[in-house]
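For reference, the structure is listed below as structure tokens.
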Amino acid sequence: MSAAGPSQGANCAPSGGVGAVPPRKRQARKGLLERLAEGPVICAEGYLFELERRGYVQAGAFVPEAVLDHPEVVAQVHRDFVHAGSDVVEAFTYYAHREKLRIVGREHQLEELNKGALAIAKRVAAETGALFAGDICNTNVYEPGVARSINACRAMFEEQVEWAAAAGVDYVIAETFSYGAEAKLALDIIKAAGLRAAVTMTIHRETVTRDGMTPEDCCKMLADAGADVVGLNCIRGPRTMLPLIARIVRAVDVPVAALPVPYRTHRGQPTFQSLRDRHCDCIPGEMPFPVALDPFTCNRFEIAEFAKAAVGLGVRYIGLCCGAMPHHIRSIAEALGRKPPASRYSADMSKHAYFGTNARLKKTNREFATKL
Ligand SMILES: [Zn+2]
């Protein structure tokens, strides 16, 4: 995909301070399907982890309270990811559902949080020309075959989708479902609202959903039910997600999504919850997840390799989930041949004082490089 591909709107837009950028003309914006037809769509996810690191979200609860308490920080994170190459601004409504808000004692602010998150994302999408996506996710209260639980989930999805529809989203992301049936329920509600849907499943250590479907059978079921994009996100790193993605690409006709976590999962520890750090003995408990995963983080070169491999498999909707940082997203964009605004500052070691080659650099420092 050339630099003038589907992310052109996002690529051309400056990324400035609040109110500094005039809204782009509506007719210049293309919808999800138009962009997918032109080439891979890049979607940055993982806002909970990014805002947790910055000190605005609590790990454990993982509720996007920053929308209420620090909306300016949420807007800046959206801008940073578009600046780095994301074609999508995803409203920060992940885990902004009734069940989660109850846990942090803020259920009375459910509507305010959802509408606030949608308004922030809509504003940044308008500034930058990126797609504006709503977001719903696993409820954590879904129980297969239990009518009361299913009805509670349906009600949670309906209210969130209604707010997203009213905000004018381009499509809704429904993500990190462990149960195929819960994902199907979410999809049905998005379609009933007349909206496009990108539905991504989460696959834990066993390579089936919690209701026993293979990833490819589950994604085929969702595609047959009207999902516009299907695939996997979160939990697994590139190395342990891509083999499953290859099976999904073979099974479905709709665009396939791959949004792993940027961590070095492997065959023995295929998920970020299963990773163990044998080089560290000061982590409370034995599990680096979720706040001590730093040494497992993929570098930008590994992420570029992931992007190329994913597109080579036929993936058309690509990104990263929990753990993603803007430099990772820039790496994906550049691996796809794009030049997002952040590429202005991509590494150029020829200018480095000791390792550089620029003629203006001091020779004695360059000679000292081997002693650094
Ligand atoms: Zn995630």
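The values are calculated or read from the model by the stated rules, or taken from the named source; none is laboratory data. Computed from a predicted model, the values in this text were never measured in an experiment. Here the Cβ is made from the backbone with ideal geometry for all residues, glycine too, and neighbour counts use every protein chain on show. Accessible surface areas use protein heavy atoms only, side chains included; no ligands, DNA or RNA. Shrake-Rupley method; radii C 1.70, N 1.55, O 1.52, S 1.80 Å.
Quote the FRET efficiency, to the nearest 0.05, computed for residue 61 versus residue 352 with a Förster distance R0 of 30 Å and r equal to the Cβ-Cβ distance.
On the way: r = 42 Å, r/R0 = 1.41.
That pair, residue 61 with residue 352, gives E of 0.10.
Restrict the search to the range 189-290; then list the GluC sites (Glu not before Pro) that DSSP places in a loop and that have at most 16 other Cβ atoms within 10 Å of their Cβ.
Qualifying residues, ordered by number: 206, 286.
The sum of -39500 (n - 2.57) across all DSSP H runs of n ≥ 4, divided by the residue count of the chain, sets its helix-only mean residue ellipticity at 222 nm to -12000 deg cm²/dmol. Dimensions of the range 242-323 from C-alpha coordinates, computed as largest minus smallest value along each principal axis and given longest first, are 47, 23, 18 Å.
Using the Kirkwood formula over every pair of different C-alpha atoms, what hydrodynamic radius in Å results for the range 101-203? Provide the component values of the computation, followed by the final result.
Numbers: mean 1/r = 0.0707 Å⁻¹.
After inverting the pairwise mean of 1/r, the radius is 14.1 Å.
Ligands, DNA and RNA are left out, and with a 1.4 angstrom probe the accessible area of the range 52-109 is 36 Å² per residue. If you add up the charges near residue 325, with Lys and Arg at +1 and Asp and Glu at -1, over every other residue whose beta carbon is less than 10 angstrom from its beta carbon, what do you get? Net charge in that neighbourhood comes out at +1.
Name the shape class, rounded, prolate or oblate, that the alpha-carbon gyration tensor gives for the range 276-349, where a ≥ b ≥ c are the square roots of its eigenvalues, rounded holds for a/c under 1.5, and otherwise prolate holds if a/b is larger than b/c and oblate otherwise. Provide the component values of the computation, followed by the final result.
On the way: a/c = 2.81, a/b = 1.85, b/c = 1.52.
It is prolate, given that a/c is not under 1.5 and a/b is the larger ratio.
Would you mind classifying the range 307-364 by shape? Square roots of the alpha carbon gyration tensor eigenvalues, ordered a ≥ b ≥ c; an a/c under 1.5 is rounded, otherwise it is prolate if a/b is larger than b/c and oblate if not. Since a/c reaches 1.5 and a/b is larger than b/c, the shape of the range 307-364 is classed as prolate. With 28 Å as the limit, the listed pairs 122/191; 115/220; 100/191; 30/308; 191/220; 122/220 have 115/220; 122/220 beyond it between alpha carbons. The longest part of the chain holding none of the exposed loop trypsin sites (Lys or Arg not before Pro), meaning those outside H, G, I, E and B in DSSP with at most 11 other Cβ atoms within 10 Å, is 26-266. Using Cβ point charges alone (K and R +1, D and E -1), the dipole size of the chain about the Cα centre works out to roughly 1520 debye. For the range 143-193, the relative contact order is 41 percent, taking Cα pairs closer than 8 Å that sit 6 or more residues apart in sequence and dividing their mean separation by the residue count. The P(r) of the chain has a tail past 26 Å containing 50 percent of all C-alpha pairs.
The residue 119 and residue 54 beta-carbon pair, evaluated with R₀ = 35 Å, returns a calculated FRET efficiency of approximately 0.95. Measuring nothing but how far apart in sequence close Cα pairs (under 8 Å, 6+ apart) lie, relative to its length, the chain scores a relative contact order of 18 percent. Applied to the range 345-361, the Karplus parametrisation 6.51 cos²θ - 1.76 cosθ + 1.60 on θ = phi - 60° returns per-residue 3J(HN,Hα) values of 10, 5, 4, 9, 6, 5, 9, 6, 4, 9, 9, x, 10, 4, 4, 7, 6 Hz, with x for Gly and Pro.
Once backbone amide H atoms are built at 1.01 Å from N, residue 95 has 137 as its partners under 5 Å, excluding neighbours fewer than 5 places away on the same chain.
In summary, the helical segments of the chain meeting the span-like criteria, namely a full DSSP H run, a Cα extent along the axis of 15 angstrom or more and a mean Kyte-Doolittle hydropathy of at least -1.0, are 71-83, 110-128, 147-167, 180-192, 238-251, 300-313. A Förster radius of 35 Å, combined with the Cβ-Cβ distance separating residue 188 from residue 283, puts the computed FRET efficiency at roughly 0.25.
Quick note on the range 51-139: its Rg to Rh ratio, both from C-alpha atoms and Rh being the Kirkwood radius, is 0.96. Oblate is the label for the range 219-372. Its Cα gyration tensor axes, ordered a ≥ b ≥ c, give a/c of at least 1.5 and b/c at or above a/b.
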